[in-house]
1. Looking only at the range 154-168, decide whether some residue is among the β-branched types (Val, Ile, Thr) and not in a helix (DSSP H, G or I).
2. Give the residues of the range 9-40 that are under 10 Å from Pro60 (Cβ atoms) and either more than 8 Å from ligand 2 (Cβ to nearest atom) or open to solvent by 30 Å² or more (accessible area, probe 1.4 Å) (or both), sorted by residue number.
3. Listed residues Val392, Val381; which is open to solvent by 30 Å² or more (accessible area, probe 1.4 Å) and within 12 Å of the chain's Cα centre (by Cα)?
4. Say we look at the range 60-72 and pick out the residues that are touching a Ser or Thr at 6+ places or on another chain (Cβ under 9 Å) and more than 13 Å from ligand 1 (Cβ to nearest atom); which of these is farthest from Thr198 (Cα to Cα)?
5. When you go through Arg175, Arg123, Arg98 one by one, which is the residue that is touching a residue at least 60 places away in the same chain (Cβ under 8 Å), charged (D, E, K, R) and either open to solvent by less than 10 Å² (accessible area, probe 1.4 Å) or touching a Leu at 6+ places or on another chain (Cβ under 8 Å) (or both)?
6. Looking at (1) open to solvent by 30 Å² or more (accessible area, probe 1.4 Å); (2) within 16 Å of ligand 2 (Cβ to nearest atom), can you tell me which one Val147 breaks?
7. For the range 175-197, give me each residue that is at pLDDT 90 or above and either within 24 Å of the chain's Cα centre (by Cα) or on the phi > 0 side of the Ramachandran plot (or both).
8. Hey, could you check the range 49-59 for residues that are away from ligand 2 (no atom under 12 Å from the Cβ) and within 22 Å of Gly197 (Cα to Cα) and say which is surrounded by the fewest Cβ atoms within 10 Å (Cβ to Cβ)?
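The values are calculated or read from the model by the stated rules, or taken from the named source; none is laboratory data. If you're wondering where the values come from, they're calculated on a predicted model, not measured in any experiment. Every residue, glycine among them, receives a Cβ derived from its backbone with ideal geometry; neighbour counts consider all protein chains shown. Heavy atoms of the whole protein, side chains included, go into the accessibility calculation; ligands, DNA and RNA do not. Shrake-Rupley method; radii C 1.70, N 1.55, O 1.52, S 1.80 Å.
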Amino acid sequence: MRVVATAGHVDHGKSSLVLALTGTDPDRFEEEKRRGLTIDLGFAHTTLPSGAGISFIDVPGHVRFLRNMLAGVGGVDACLFVVAATEGWKPQSEEHLRILELLGIGHGVVALTKIDLVDDEGRELAVIDIDDHVAGTFLHGAPVVPVSVTTGEGLDVLRVALGELVATTPQADDRSRPRLWIDRVFAAKGSGTVVTGTLTGGSLTRDQAVVVEPRGRPARVRSIQSFGSTIDSIDPGNRVALNLAGIAHDDVGRGDVVVSPGRWLPTRRFDATLEVLTPLDHDVSRRGAFLAYIGSREVPAKVRVIGSDALSPGTAGTVRLHLPVDLPLLPGDRYVLRESGRDETVGGGEVLDVAPVRPASKAAPDRTVDRVIRERGWVDVHDLELLTGARVAPTVGHWVVADESLAAMADLLRTSIAASGSVGLDVAALDERQRAVIDTLDGVVIEAGRARPAGTDDPFADHPYLAVARAGGFAPPAADGVDRSEVRELVRRGLLVERDGIVFHTETVDDAGRVAAGLLVEHPEGFTIAQFRDATGASRKYALPLVAELDARAVTRRRGDVRIGGPHLPELGDRV
Ligand SMILES: Nc1nc2c(ncn2[C@@H]2O[C@H](COP(=O)(O)OP(=O)(O)OP(=O)(O)O)[C@@H](O)[C@H]2O)c(=O)[nH]1
Ligand SMILES: [Mg+2]
């Protein structure tokens with residue numbers, strides 16, 4: 001059900017109109033009814049003649065309750081803008097319109113109220129007045145519907161106009177990243193905490209695990225209610241009440257946010273555009289005590305203008321905002337900035353970067369995903385989605401990599417491969433990113449875990465020492481003249497066997513296994529080292545490591561002073 005917020009100056013008839021349209025008085029509190037004034041947000045819904053549902057958030061018009069108004073319009077896409085024909089355009093008509101503009105609200109209908117109290121000429125003048133004030137804003141060209149709740153005149157026309165508004169306001173995006181800015185909290189009867197808000201970004205399901213920011217408190221969705229009925233799941237763009245298990249009701253408040261775990265990067269430092277309102281009579285600089293309004297939250301903010309010291313009224317620039325808490329934000333989120341000392345709306349804008357990497361003096365924020373990739377060089381695809389909302393195909397492995405960073409890594413690897421000579425570069429010693437890039441390099445072959453330039457012969461397959469070791473049989477000459485790293489590589493490939501400091505050809509060890517098998521035919525109760533030594537004709541120096549190797553391979557097994565057959569003892573028929 002589409003959510004529409006009211007807006008307009010105090011006493012212009014917003015709540016009366018919501019009551020007339022829905023039958024529900026949005027002024028919930030006794031004090032509101034007594035004073036005839038909206039203080040906090042009110043909620044009501046109905047079905048329009050078009051058949052579409054519509055849900056209203058009724059906001060207060062009085063300037064003292066502007067913060068409540070801001071909490072109400074933080075999550076909506078469309079508005080019902082109210083101007084009384086008796087008074088015409090007033091200061092909060094102007095301020096509310098500016099705020100809606102800054103929040104990027106793009107759709108609306110204007111109701112000209114209290115027409116029973118003016119004559120036809122007064123009505124026409126009021127319409128002209130409205131047209132003047134909304135020129136150049138999102139309400140330019142929007143229907144202006146004269147109504148009276150006293151006589152009922154115009155209400156049907158307004159219902160039709162609202163039907164068109166609902167039909168033409170785009171569906172809320174579903175990015176599988178639900179976010180609910182809380183606007184009310186109750187203690188549920190029985191148990192639990194009920195929070196309400198306008199759901200955006202994705203669906204929520206019963207029993208789903210959630211996190212309540214800014215403090216990252218885990219909770220579970222025990223039940224979901226929308227307009228009085230209990231449902232299993234709810235889509236974005238709807239008003240919703242969640243019964244949360246695992247969190248106390250006095251531990252949650254307006255401006256807290258329910259999100260899905262692991263899908264957001266809460267931040268207290270972000271870059272944004274700032275559009276400074278034209279009527280402001282001073283520049284915006286880091287001096288001043290600011291309050292930022294984001295979603296339903298009011299939060300103190302320190303402002304640093306990027307690229308200059310100050311922004312003058314009627315100009316736009318970029319700023320870095322520092323908050324005292326971490327909020328789950330995304331590029332494209334809108335905010336309003338007010339100066340708390342002067343109690344005035346300064347401007348607002350759009351979040352550009354939720355985790356800026358450059359210092360403010362060097363930052364050049366924009367909303368492109370490319371900039372985020374360029375500034376970071378390497379970004380995990382999942383992190384990139386959290387940072388930007390964009391799903392981008394990985395460049396290598398699970399990373400999206402800036403062209404320059406990829407080229408630099410490739411150059412570095414090529415240099416290392418060239419420098420490693422015929423031994424090649426040990427791929428296992430590289431980090432995960434380097435391994436991902438090495439796989440993509442042209443002109444490089446990776447064999448047996450080593451990377452070498454393509455076209456060079458494998459110097460190991462025909463290594464000269466292999467022939468020497470093989471010819472030496474059970475008493476091979478020491479590999480003293482051979483580079484240690486080459487010996488290690490030959491051992492790693494299984495071409496040589498090294499045991500207790502003696503290096504044998506691998507086929508020699510196989511021969512030794514057959515010798516052992518032969519000995520066991522003669523000595524079924526086991527053979528001694530001396531018998532093995534005599535059978536191989538090699539000295540003890542070689543016989544000991546050979547038998548140790550056979551034990552290690554389970555060709556033989558030690559029992560007391562003798563060796564008996566192990567599970568891997570070769571059949572004698574294998575003898576060559
Ligand atoms: N005659 C007449 N009076 C109206 C009409 N609409 C509203 N009123 C009266 O105007 C007064 C203010 O109306 P509300 O609906 O409370 O105004 P509001 O815009 O909600 O005021 P805030 O929420 O405080 O900003 C009430 O006394 C209403 O009865 C109308 O169409 N005709
Ligand atoms: Mg009201």
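1. no
2. Within the range 9-40, Val10, Ile39, Asp40 meet the criteria.
3. Of Val392, Val381, the one residue that is open to solvent by 30 Å² or more (accessible area, probe 1.4 Å) and within 12 Å of the chain's Cα centre (by Cα) is Val381.
4. Leu70
5. So the residue among Arg175, Arg123, Arg98 that is touching a residue at least 60 places away in the same chain (Cβ under 8 Å), charged (D, E, K, R) and either open to solvent by less than 10 Å² (accessible area, probe 1.4 Å) or touching a Leu at 6+ places or on another chain (Cβ under 8 Å) (or both) is Arg98.
6. The failed condition is (1).
7. Of everything in the range 175-197, those that are at pLDDT 90 or above and either within 24 Å of the chain's Cα centre (by Cα) or on the phi > 0 side of the Ramachandran plot (or both) turn out to be Arg177, Pro178, Arg179, Leu180, Trp181, Ile182, Asp183, Val195, Thr196, Gly197.
8. Ala52
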